[in-house]
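Some notes on the structure that comes next.
Any read-out appearing in this document is the output of simple, stated calculations on the displayed coordinates, not a laboratory observation. Computed from a prediction, not measured in an experiment: that's the story for all the values here. Cβ atoms come from the backbone with ideal geometry, glycine included; neighbour counts cover every protein chain shown.
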Amino acid sequence: MKHFLAAYLVRKNIRRRLFRYLILVVSVAAAVGMQVSAALIDRMSRESLELGLKRLGADLVAVPAGLDAELQKSYLTGDAAIFYMDRSIQDRISGFDFVAQTSPQLFIKSLANAGCCSLWNIYLVGFDPDTDFTIKPWLAPRFTRGAERKIGADEVLAGAALGLEEGNTLRFYGQSFKVGGILSPTGMGLDRAVFIPIRSAYRMARESKTKAEQELDLSPDKISAVLIKLKAEKDGGLPAYRAAFELEQRIPEISILQPEELAMKIQQNLSTVLAGLRSASYAIWSATALLIALVFAMATNERKREIGLMRAMGATRGLIFRMIMMEALLVGGTGSLIGLLCSTGLVLGFSSLISQSLGVPFYQPGLGKLVPLSLTALALALLTGMIAGLYPALRASRMEPYQAIRSGE
Amino acid sequence: MIKVQKVSKVYGAGQNQIHAIGDLSFEIYKGEFVMLFGPSGSGKTTILNIIAGLTRPSRGKVFLDQQNIFEMSDRQLTGFRARNIGLVFQSQSMLTHLNSLDNVRLGLRLAGKKDDPDLAKKALIRMGLEDRILAYANELSAGQQRRVSIARALVKRPKILLCDEPTGDLDPDTEKSIMEMLKKAHQAGTTILMVTHNSSLDSYATRVLQKNLVR
């Protein structure tokens with residue numbers, strides 16, 4: 001009953017002093033929003049990076065000399081990196097003792113036109129199904145249905161971010177391809193690529209002279225990159241950094257991209273940005289807690305007479321305490337909910353933009369990840385509201401009614 | 001019903017001490033309408049607030065229904081006040097974030113009685129505020145606000161009504177209408193103690209006390 005009375009008084013009070021409460025709610029929302037954004041970007045980009053590197057599946061990637069930075073950008077953002085080198089380089093790399101396995105990749109920027117939907121400028125990645133150790137393991141489970149099946153010459157695999165479905169038809173350079181499978185998402189740029197068997201890519205280039213509006217100039221003795229799996233050190237392999245050094249020394253036409261190094265670089269980039277974001281959010285958080293405490297202290301002072309009158313009418317100290325605390329918690333709770341919804345909506349809605357501007361991959365989190373994060377932010381905001389409201393609430397409830405009425409006159 | 005026994009009240013300390021009341025004693029019996037007269041600054045409001053338990057005396061005792069109210073815990077005293085005492089203050093005492101009706105309803109709820117909007121409405125109508133039921137303090141005149149406060153104090157049917165200059169600063173017509181309302185409450189069985197400096201109102205009282213004569 002008394003709880004309902006406190007809630008009733010809080011509701012009436014907020015309605016009469018709406019502007020003040022809105023300012024407080026907006027401050028809390030801003031603080032929570034910044035915290036949640038920082039946490040989301042941090043967590044999801046780390047997760048994405050981990051997944052993406054696992055997806056890459058290679059210890060090293062060889063590209064034409066000096067172009068490793070372009071490939072790195074391409075992996076992160078999905079922008080096509082078009083360059084070629086001689087196919088014989090794959091054989092030369094395979095010849096090293098410390099190399100366990102190699103597989104070529106071919107990068108093509110398509111003049112796309114999809115039979116099913118509107119897709120333009122798709123990034124095409126040719127891969128060799130016979131030697132591939134990086135693409136097939138990431139087919140989304142619902143399309144593999146347990147048994148591994150060979151990818152047909154007219155089939156392609158699509159990245160998760162393209163919004164395609166198995167069975168859709170895509171046309172590239174005058175040839176039709178059926179989507180044979182969808183790769184599970186990683187948040188990396190390659191989620192926006194279509195993977196085509198390398199022999200089909202060469203055939204498509206050959207036949208483009210007669211079938212396509214624009215010819216694809218691609219020689220079958222060219223590849224773009226070689227994915228390298230190293231032997232374990234106990235089996236005579238080398239650590240990745242030494243293998244990379246060795247390869248670059250012995251084959252001057254190539255540069256080596258080390259995914260582990262890429263991960264470190266991205267995390268460094270990210271930590272600089274996040275440190276700024278976190279510092280700002282901590283500053284806002286402290287300022288907000290102080291603001292709530294100050295506003296409630298001022299409001300309590302201003303409401304001394306009202307509180308005294310209520311005490312004179314029979315309001316207990318507990319009721320006054322609950323009333324002030326409820327107001328503070330309501331401000332904290334509403335502000336944090338708004339901040340939470342806005343920041344989650346903005347971060348998820350503009351994930352591509354964030355990914356591109358920060359140069360980091362971004363994996364859309366599921367509910368399982370969002371709920372604990374949201375609950376933590378909510379709890380933190382409520383705690384802030386509670387701490388900020390505690391002193392004014394105690395002070396208000398301990399005032400002698402007569403003194404409160406007189407000092408408020 | 002009300003027994004004030006050697007009550008003193010001192011504000012401040014040292015050289016700044018102000019003796020608002022010194023060794024005051026008197027009794028008020030059930031069903032009386034007592035007016036306590038005295039000049040401004042003579043401690044009339046202080047004694048009323050001590051009787052209501054809103055402030056503690058520096059010395060002395062106050063008995064209401066044979067209970068020493070300052071031996072009660074804060075919670076007990078608050079409950080006792082809520083159930084038994086109606087208060088009408090000298091200055092504006094409406095809660096500004098509540099309209100007239102909600103002010104009166106709050107009086108009922110804080111007294112632990114059932115929230116009854118109809119009863120609250122009737123109390124306001126009895127005070128001649130039928131067209132100001134949903135008005136907030138800033139939409140009411142001083143006299144109307146005072147009448148809302150009386151309605152709020154009376155709606156819970158208190159045993160004792162304590163009024164502090166309920167007609168202060170009001171025009172003669174409003175003063176008369178408020179006094180008539182208090183008279184009706186008294187006739188309905190409420191014991192009233194009213195402090196005022198306006199001696200022309202003594203015809204409403206069953207007994208008059210002069211603050212400077214009370215010891």
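Some notes on this structure:
- Taking Cα atoms only, the orientation of helix A:304-313 departs from the longest principal axis of chain A by about 60 degrees.
- Here chain B carries DSSP beta bridges of which approximately 45% are antiparallel, counting only pairs with both residues inside.
- Proximity of backbone amide H atoms, modeled 1.01 Å from N, is registered between A:GLY126 and A:LEU106, A:PHE107, A:ILE108, A:ILE196 at under 5 Å, excluding neighbours fewer than 5 places apart on the same chain.
- Under a Gaussian network description of chain A, with springs only between Cα atoms under 10 Å, the residue in A:LEU170, A:LEU18, A:LEU294 that fluctuates furthest is A:LEU18.
- Interchain or long-range residues, amide H under 5 Å from A:VAL99's placed H: A:LYS231
- Distance between the pseudo-spin-label points of B:SER141 and B:ARG157 (7 Å out from Cα toward the beta carbon): 3.3 nm.
- For A:LYS73, the lysines whose Cα falls under 30 Å of its own Cα, not counting residues fewer than eight places away in the same chain, are A:LYS54, A:LYS109, A:LYS136, A:LYS178, A:LYS222, A:LYS229, A:LYS231, A:LYS265, A:LYS369.
- Net charge, A:LYS369 excluded, C-beta distance under 11 Å - Lys, Arg +1, Asp, Glu -1: 0
- Nearest-ten-degree value, helix A:367-398 long axis tilted from longest Cα axis of chain A: 20 degrees
- Sequence-ordered 3J(HN,Hα) estimates for the range B:15-32 from the Karplus curve with 6.51, -1.76 and 1.60 and θ = phi - 60° stand at 6, 8, 5, 10, 8, 6, 9, x, 6, 8, 9, 6, 10, 10, 9, 4, x, 7 Hz, glycine and proline given as x.
- Estimated FRET transfer efficiency when R0 is 51 angstrom, pair B:ASP116-A:LEU367 (beta carbons, to 0.05): 0.60
- Selected from B:GLY86, B:GLY14, B:GLY38 as most flexible by GNM, with chain B as the system and alpha-carbon contacts under 10 Å: B:GLY14
- The range A:60-257: Rg to Rh, with Rh as the Kirkwood radius over Cα pairs: 0.97
- Of all DSSP bridge pairs formed entirely within the protein assembly as shown, close to 60 percent run antiparallel.
- Here the simple spin-label model places points 7 Å from the Cα toward Cβ, and for A:TYR391 and B:GLN5 these points are separated by 4.3 nm.
- Cα-based helix-to-principal-axis angle, B:74-84 vs chain B, degrees rounded to 10: 60 degrees
- Between A:SER94 and A:LEU346, the C-beta separation translates, for a Förster distance of 60 Å, into a calculated FRET efficiency of about 0.80.
- Two-site FRET efficiency, B:GLN17 against B:LYS61, from Cβ-Cβ distance with R₀ of 25 Å, rounded to 0.05: 0.70
- With 20 Å bins from 0: P(r) over the protein assembly as shown, alpha-carbon pairs, percent: 16, 30, 17, 16, 16, 5, 0
- Semi-axes of the equivalent ellipsoid of the range A:269-409 are 42, 15, 10 Å, computed as sqrt(5λ) over the eigenvalues of the C-alpha gyration tensor in descending order.
- A simple spin-label model places the labels of B:LYS184 and A:LYS265 8.8 nm from each other, with each point 7 Å out along Cα-to-Cβ.
- Residues of type aspartates and glutamates that A:LYS304 reaches as a straight line, Cα spacing below 13 Å, ignoring anything fewer than 8 places off in the same chain: A:GLU400, A:GLU409
- Computed on the Cα trace of the range B:124-173, the radius of gyration divided by the Kirkwood hydrodynamic radius gives Rg/Rh = 0.96.
- Taking every residue in B:40-51 and counting other chain Cβ atoms within 10 Å of its Cβ, the average works out to 1.
- Relative contact order for chain A, counting Cα pairs under 8 Å that sit 6 or more residues apart, in percent: 28 percent
- Only aspartates and glutamates eight or more places from B:LYS3 in sequence, or on another chain, were considered; those with a Cα closer than 16 Å are B:ASP23, B:GLU27, B:GLU32, B:ASP65, B:GLU71.
- For B:SER58, residues with placed amide H under 5 Å, excluding near neighbours: B:SER8, B:LYS9, B:VAL10
- 3J(HN,Hα) from dihedral phi, the range A:220-228, Karplus parametrisation 6.51/-1.76/1.60, rounded to Hz, x for glycine, proline: x, 9, 10, 9, 9, 8, 10, 8, 10
- Among residues other than A:ARG171 with Cβ under 13 Å from its Cβ, the summed charge is -1 (Lys and Arg +1, Asp and Glu -1).
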